[in-house]
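This report concerns only the one structure given below.
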Amino acid sequence: MKTFLKLVRWQNLLFLVASLCLIQAAMINPLYAQTGFEKQLSTTYVIMIVASLTLITAGGYAINDYFDVKIDAINRPLTRIVGRLIERRTAMRYHQLLTTTGVIIGLIAAACLHSWTIGILYLFIPGMLWFYSSSYKRQMLIGNIIIALQVALMPIMLALANTAAFRVNYAEISQSLISMGVDATQIEAELQKPTTLIYAVIGCMAGAYFLTMLIREIIKDIEDLQGDRELECHTLPIRIGISGTKAVVITLAIITGATACWIVSGLPDGGKSLRFVIIGFVIPLITCCIILLRAKSRAEYRTARSLTQFALCVISAYAIQFGYIMAGAAS
């Protein structure tokens, strides 16, 4: 069991579960309340969405290690799992079981919510992870973007599930009001308000996840340069060099930090969100860039990468701050 938990990165899965639950409870539900509606996604559906995404992510870790046996033998010979503690075929079985279970749960939820979009994404995400592990991760930037996109899709899937439930819950009421002579355009405008707000807020969260994860993955490519080069990968550090890659990371960090500050600066909370973002998100990114500029060893690159992981945690923790803003607006 301990080896299995290491294979599926249980800490990352726990972070995913906590993040999605925070986003649902402290962001999406209050946004519906702010616009005069009750929460739309029942606890059962929340559990189904979170469980399915967690299982698919766990399966993605298993298949990634399955294809990375040779690279990991060079980059992390003492800590690799597949090929040392678990056989490759066992890792493949774990991938198949976890991914299939996750997809089935997700498709059931999509069917109950009458959402083709969610159903298609539940087929798209596992396919994306498979091709990433088998091929795309060895290409310049493509693999980095795929992983960043996969992380960004997690809160978006939750937002899609909520808006799908909202449409289902209010479809019958809307038809009744229209039959009573209420203007359909007015009804649609009222029902569109929470959907627009949710997509705007969760879209910003997803963008922050995407850019921060992209930075993390590029730094990881520098860290894994030796093994990637020996197996003829075409990652960014191999194609443009370490100095050029550091410049890309720093540029992305500046864009990410500046955009985050600009977005939260307009929130009506007396600057609390801005201080939260500067202290918890921007300063770690700046520190990461400083360490990255000076880094020469794998340990130093690992330290820089750990700061991006901290920044990802801060993005999720911001949901609590956002919940306080909504509570203050409602009082």
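Could you compute the net charge surrounding Ile219? Neighbours are other residues with a C-beta less than 14 Å from the C-beta of Ile219; K and R count +1, D and E count -1.
Counting the neighbours of Ile219, the net charge comes to +2.
Pull out the extension gain between Ala73 and Thr259, defined as 0.36 nm times the separation in residues minus the alpha carbon to alpha carbon distance; nm, one decimal.
63.1 nm
Pairs of lysines 8 or more apart, or on different chains, with alpha carbons under 25 Å: count those in the chain, would you?
Here the count comes out as 15.
Using only the Cα atoms of region 229-330, build the gyration tensor, take square roots of its eigenvalues as a ≥ b ≥ c, and label the shape rounded, prolate or oblate: rounded if a/c is under 1.5, else prolate if a/b is larger than b/c, else oblate.
prolate
Return, ordered by residue number, the residues of region 89-105 whose backbone nitrogen is under 20 Å from a label point located 7 Å along Cα→Cβ of Ser134.
89-104
Suppose every Lys and Arg Cβ carries +1 and every Asp and Glu Cβ carries -1, with no other charges. What dipole size does region 2-330 come out with about its Cα centre, to the nearest 20 debye?
In total the dipole reaches around 1280 debye.
So who's got an amide H within less than 5 Å of the one on Ile86, skipping anything under 5 residues away but keeping other chains? H placed 1.01 Å off N, in plane.
Here the answer is none, since no amide H 5 or more places off falls under 5 Å of that of Ile86.
Around Phe322, what is the net charge, scoring Lys/Arg as +1 and Asp/Glu as -1 over all other residues with Cβ under 15 Å from its Cβ?
+1
Mean Kyte-Doolittle hydropathy of -0.5 or higher plus an axial Cα length of 24 Å or more: which whole DSSP H helices in the chain meet both?
In the chain, the long hydrophobic H runs are 43-67, 88-112, 116-134, 142-179, 184-223, 236-264, 298-330.
Taking the Cβ of Ala161 as the centre, find all other residues whose Cβ is under 15 Å away and add up their charges (Lys, Arg: +1; Asp, Glu: -1).
With Lys, Arg at +1 and Asp, Glu at -1, the net is +2.
Readers should treat all values here as calculations from the given coordinates under stated rules, not as data from a laboratory. Quick caveat, the model's predicted, so the values are computed rather than measured. All Cβ positions, even for glycine, are placed from backbone atoms using ideal geometry, and neighbour counts span all protein chains on display.
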